[in-house]
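What follows is calculated from the coordinates using simple rules that are stated; it is not laboratory data. Predicted model, so just to flag it, every value in this text is computed and none were measured. Cβ: placed from backbone, ideal geometry, glycine included. Neighbour counts: every protein chain shown.
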Amino acid sequence: MVIEQKQQPAVKVIVGAGIILILLFFISLMLGRYQVSLGDMGAVFYAKILGIECPVSEMIQSVIWKVRIPRICAAILIGGALSTAGATYQGLFKNPMISPDILGASAGAGFGAAMAILLSLPFIFIQFSAFAFGLLAVSLACLICKIVSRGKDALLILVLSGMIVATFFSSLITLLKYIADPQSKLPEITYWLMGGLSTVSAGDVWMMLVPFTIGIVPLFLLRWQLNAMAFGDEEAKAMGLNTKRLRGIYIVSATLLTAAAVGVCGMIGWIGLVIPHLTRMLVGPNHKYLIPASFLMGGIFLLLVDDLARTLFTVEVPLGILTSIIGAPFFVYLLLKRKKGWV
Amino acid sequence: MKFEANDIRAGYENLDIVQDVSFSVTSGEVLCLLGPNGVGKTTLFKSLLGFLPLHGGVVLIDGQPCDYNDCKKQATLIGYVPQLHEPPFPFEVLDVVVMGGIGQMNLFSGPNKEEYQRAEDILAMLGVAFLANKVYTEVSGGERQMVLIARALMQEPKFLMMDEPTSNLDFGNQMRVLQQVRMLADKGMGIIMTSHFPDHAFMCCTKAAVMCRDTSFKVGSVEEIITEETLQQAYGIRVKIANVDMEEEETGTITTCLPMLNTIRISREVRQFNETA
């Protein structure tokens, strides 16, 4: 009896967040410079579902289907992916100060994108290159850790290796910027690194779905085991978990999510750090609820920020800048509100 | 059931820290492992639990060598109670306890109602049922130790390995933990624990083992091992073993270790001097 009462708040938060996310989805569809009324939106969906002729103008249809829905879906997926990856890494490394790019995924992806831009590759290759180099960076970090720690599994060395790789790729990005043509390539690279969703197409979302699904499904299935992993390798092992294999699965999955997100929208900071904190305050540290709740909260947060980014001023504000400007003071607020332990 | 460690050699990398360790514990027995700081008690523990690869020797349970790669099976044989620690996240006590059954659960589903019920029963058995819905990081050290014991019991192991279950606990909580150790042994659990207090061996153990700096390892019944010579050799201080008559109490005679320190005399003289002054 007692147990059910205790678990209800977490379930309520998850259901509530789900409802908010759905509402926000439709509200976001109407926001933007091109006015779409509630009636227009209803008519468009109604026509699509029934497969009949749509009474609304072509222009509105194309704004909804080709521009806003892909962008909104991308915001939800990326926000969710980053904060789920953040929650996973924080549990795995027993440290609430860790963000999803801890193993160098963001820096690697940034370098991949910058290089593709410099070589004037088409947009799809920029994404692919970002994704590939994100994975490469994390693999490098794991490899360094394996060599340095000589078979012993040392969490701290893995984190340090991640920092080394991240620093290395950051320097390479700076190098690329230095040699880039300041008239054309340099601004392009800089804008990409700031992060944004303004160029996202339906195709991008479909392409992102592949690594996203491969990454998120294991994290959702194995989320309960993260509770034991948060007590450290030895204890989890004594409880009967194959920690080596599990840790590999968590790291690969969370990295896929991070790389997929960075590949589509550039570097967006803070979400993976702040949202898991916020969520932990709402649903507690039990990963059974924390992981799905983090996903929903991350989706809500990035969608909200993206709505702000495209409506606040006549010129779009880069998303990465906004998440940090909103995220930093918000994090201070969370720290002030926290109780004993990392609630 | 019988837990046997034969000719164990253990350490880090290529360095042997522990050598020629052999002992056995059967169900219902409690072995207390004593030894000075840094002698390798923790290394031995980690090796017996499979956290560190054994450099030599073999661990047998009922004659069967332990397969440390099969964590799931291992968890049903040996439960591990770690030294008191504080995890970074404020889990609920019941969630921590129920975690112990994780190896036995279906990989993809969390614990079900029966498992939560079993976790509550174990807490009740340890006399800390009231902790169930408290936050693990906010309860006292003694209570946290009970939660860790409960978590290990959730695995339904045949043997328990407790790494300094009394460290960082106040006097009362130390005794309460030892009482639970005795209670579990009476229920048929085989227990291996480490301690810094030889007295603890007299209080709740059947066997004792002492590790010394010269890598010698002695094991036997408590009376055999905890002697004045062995303790002096292990800890480098003079110790007398005294029998205190407690006939009016249920306990009868209590055997205890008394350190022979001249500070005892000095501080008494200072106290007497202060009183007369």
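Some values worked out for this structure:
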{"read-out": "Shape box of region B:72-206 [Cα atoms, principal axes, largest first, Å]", "value": "45, 32, 24"}
{"read-out": "Computed P(r) (all Cα pairs; region A:68-147; 5 Å bins; percent)", "value": "3, 15, 16, 21, 21, 14, 7, 3, 1, 0"}
{"read-out": "Cβ charges +1 (Lys, Arg) and -1 (Asp, Glu), total dipole of the protein assembly as shown, debye", "value": "1720"}
{"read-out": "Dipole moment magnitude, nearest 20 debye, region B:112-167 about Cα centre, only Lys, Arg, Asp, Glu C-beta charged", "value": "40"}
{"read-out": "Taking N as its residue count, the alpha carbon Rg of region B:237-277 over 2.2 N^0.38 Å", "value": "1.65"}
{"read-out": "Per principal axis, descending, Cα span of chain A in whole Å", "value": "65, 64, 39"}
{"read-out": "Net charge dipole size for region A:2-337 [Lys, Arg +1 and Asp, Glu -1 on Cβ; Debye, nearest 20]", "value": "800"}
{"read-out": "10 Å-binned pair-distance histogram of region A:116-220 (Cα, whole percent)", "value": "12, 33, 34, 18, 3"}
{"read-out": "Ordering of B:15-23, B:149-157 by burial proxy (mean other Cβ atoms within 10 Å per residue, highest first)", "value": "B:149-157, B:15-23"}
{"read-out": "FRET efficiency, 1/(1 + (r/R0)^6) with R0 35 Å, evaluated for A:M163 and A:R33 via beta carbons", "value": "0.25"}
{"read-out": "Low-density loop cleavage sites - trypsin sites (Lys or Arg not before Pro) in region B:190-277, where at most 15 other Cβ are within 10 Å (DSSP)", "value": "B:R213, B:R238"}
{"read-out": "Chymotrypsin sites (Phe, Trp or Tyr not before Pro) restricted to region A:1-70 and DSSP loop, no more than 14 other C-beta within 10 Å", "value": "A:Y34"}
{"read-out": "Largest to smallest principal axis extent of the C-alpha atoms in region B:2-226, angstrom", "value": "48, 40, 32"}
{"read-out": "Charge dipole of region A:2-337 about the Cα centre (unit charges at C-beta), most positive-ward option of A:G269, A:V305, A:F93", "value": "A:F93"}
{"read-out": "Convex hull of the protein assembly as shown built on C-alpha atoms - directionally averaged projected area, nm²", "value": "37.3"}
{"read-out": "Cβ-Cβ FRET estimate between B:N274 and B:T253, R0 fixed at 45 Å, reported to 0.05", "value": "0.80"}
{"read-out": "Centroid-to-centroid separation of region A:8-37 and region B:110-179 [C-alpha atoms, Å]", "value": "43"}
{"read-out": "C-alpha center-to-center spacing [region B:209-251, region B:31-88] in angstrom", "value": "24"}
{"read-out": "Sequence of B:T166, B:T253 once ranked by neighbouring C-beta atoms within 10 Å, starting from the fewest", "value": "B:T253, B:T166"}
{"read-out": "Theoretical FRET efficiency, 1/(1+(r/R0)^6), r = Cβ-Cβ of A:R245 and B:T227, R0 41 Å, to 0.05", "value": "0.30"}
{"read-out": "Along chain A, longest interval not containing exposed GluC sites (Glu not before Pro), exposed being DSSP loop plus at most 16 other Cβ atoms within 10 Å", "value": "A:54-315"}
{"read-out": "Shape of region A:1-119, Cα gyration tensor, a/c cut at 1.5", "value": "oblate"}
{"read-out": "Label point 7 Å beyond Cα of A:T199 along Cβ direction - residues of region A:113-138 with amide nitrogen under 20 Å", "value": "A:113-135"}
{"read-out": "Label-point separation in nm, A:L143 to B:Q117, each point 7 Å along Cα→Cβ", "value": "5.4"}
{"read-out": "Simple spin-label estimate for B:H196 and A:F123 in nanometres, 7 Å along Cα-Cβ", "value": "6.5"}
{"read-out": "Difference of contour (0.36 nm per residue) and Cα-Cα distance, B:D214 to B:S22", "value": "67.5 nm"}
{"read-out": "Per-residue [θ]222 nm for chain A (sum of -39500 (n - 2.57) over DSSP H runs n ≥ 4, rounded to 500)", "value": "-25500 deg cm²/dmol"}
{"read-out": "Inter-site label distance for A:K94 and B:T76 at 7 Å from Cα along Cβ, in nm", "value": "2.8"}
{"read-out": "Most fluctuating residue given options A:A137, A:A254, A:A47, as computed from a GNM of chain A linking Cα atoms under 10 Å", "value": "A:A47"}
{"read-out": "Kyte-Doolittle at least 0.5, axis length at least 24 Å by Cα - qualifying DSSP helices, chain A", "value": "A:2-30, A:69-92, A:123-149, A:155-179, A:202-221, A:243-265, A:287-311, A:319-337"}
